[in-house]
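See below for the structure under consideration.
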Amino acid sequence: MEDYYKQVLSAGERLISLIALALDLEENFFHDVGAFNPPNGFLRLLHYPGELSSSNEEIYGASAHSDYGMITLLATDGVGGLQVCKEKLKKPHVWEDVQHISGAFIVNIGDMMERWTNCLFRSTLHRVMPRGQERYSVTSCSCLTIHLLIKPLVIKALRSN
Ligand SMILES: O=C(O)CCC(=O)C(=O)O
Ligand SMILES: [Fe+2]
């Protein structure tokens, strides 16, 4: 488990480097501002019992939320139930099922990244609906910068935003 955690943190750091490049920043930008210093994150091991009935819309496996770090990497056992809302500011929310891709992580943008990019990258609103089937998932957050003040970056990619 510790080995998995180290590897998933490192995959997350590499993804964050790609996000930096997409923002026209230096590959190591987030590293250099101290986002990984000290390395910080978590691994959440989740089990959803199978007994709940999907007929009751009020009962959620996980109610609607966005994650609070920079990004989260999510691995599931392939049992459905995870849904995303692509336009979280529009009401009513429209929910779409996330299809499982074997061997792939689901990557969610977190609130910290939304703030840093001044909403250019929006944090993903998601929830888990019960499917009447037992389900396991592992959530890992790559970066929970607790020592930095997170405010919108003044960078070229954000000028028209
Ligand atoms: O179990 C899932 O698919 C989602 C878990 C989740 O959203 C979380 O741990 O923040
Ligand atoms: Fe989440």
Amide hydrogen neighbours beyond the local backbone of LEU125, cut-off 5 Å, H modeled: CYS85
Neighbour net charge for GLU27 - beta-carbon separation under 13 angstrom, K R +1, D E -1: -3
Stretchable slack from TYR5 to LEU89, in nm (0.36 nm times residue separation minus alpha-carbon distance): 26.9 nm
Whole-Hz couplings from phi, Karplus 6.51/-1.76/1.60, listed for the range 129-136; x for Gly and Pro: 8, x, 10, x, 9, 4, 9, 10
Coordinate range along principal axes, alpha carbons of the range 40-143, Å, largest first: 40, 32, 21
Rounded FRET efficiency, nearest 0.05, which uses the C-beta distance separating ASP24 from ARG44 and R0 of 22 Å: 0.10
J(HN,Hα) series, the range 81-94, from Karplus relation 6.51 cos²θ - 1.76 cosθ + 1.60, nearest Hz, glycine and proline x: x, 6, 10, 10, 10, 6, 10, 6, 7, 8, 10, x, 5, 10
Residues whose placed amide H lies under 5 Å from that of CYS143, excluding near-sequence neighbours: MET70, ILE71
Accessible area of the chain divided out per residue, in Å², using a probe of 1.4 angstrom: 59 Å²
Acute angle (nearest 10 degrees) that the helix 2-22 long axis makes with the longest principal axis of the chain, alpha-carbon atoms: 60 degrees
Percentage relative contact order, the range 40-143, counting C-alpha pairs under 8 Å, at least six apart: 51 percent
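The values are calculated or read from the model by the stated rules, or taken from the named source; none is laboratory data. Computed from a predicted model, the values in this text were never measured in an experiment. Cβ coordinates were reconstructed from backbone atoms using ideal geometry, including for glycine residues, and neighbour counts include every protein chain displayed. Note: areas computed on protein heavy atoms with side chains; ligands, DNA, RNA excluded. Shrake-Rupley method; radii C 1.70, N 1.55, O 1.52, S 1.80 Å.
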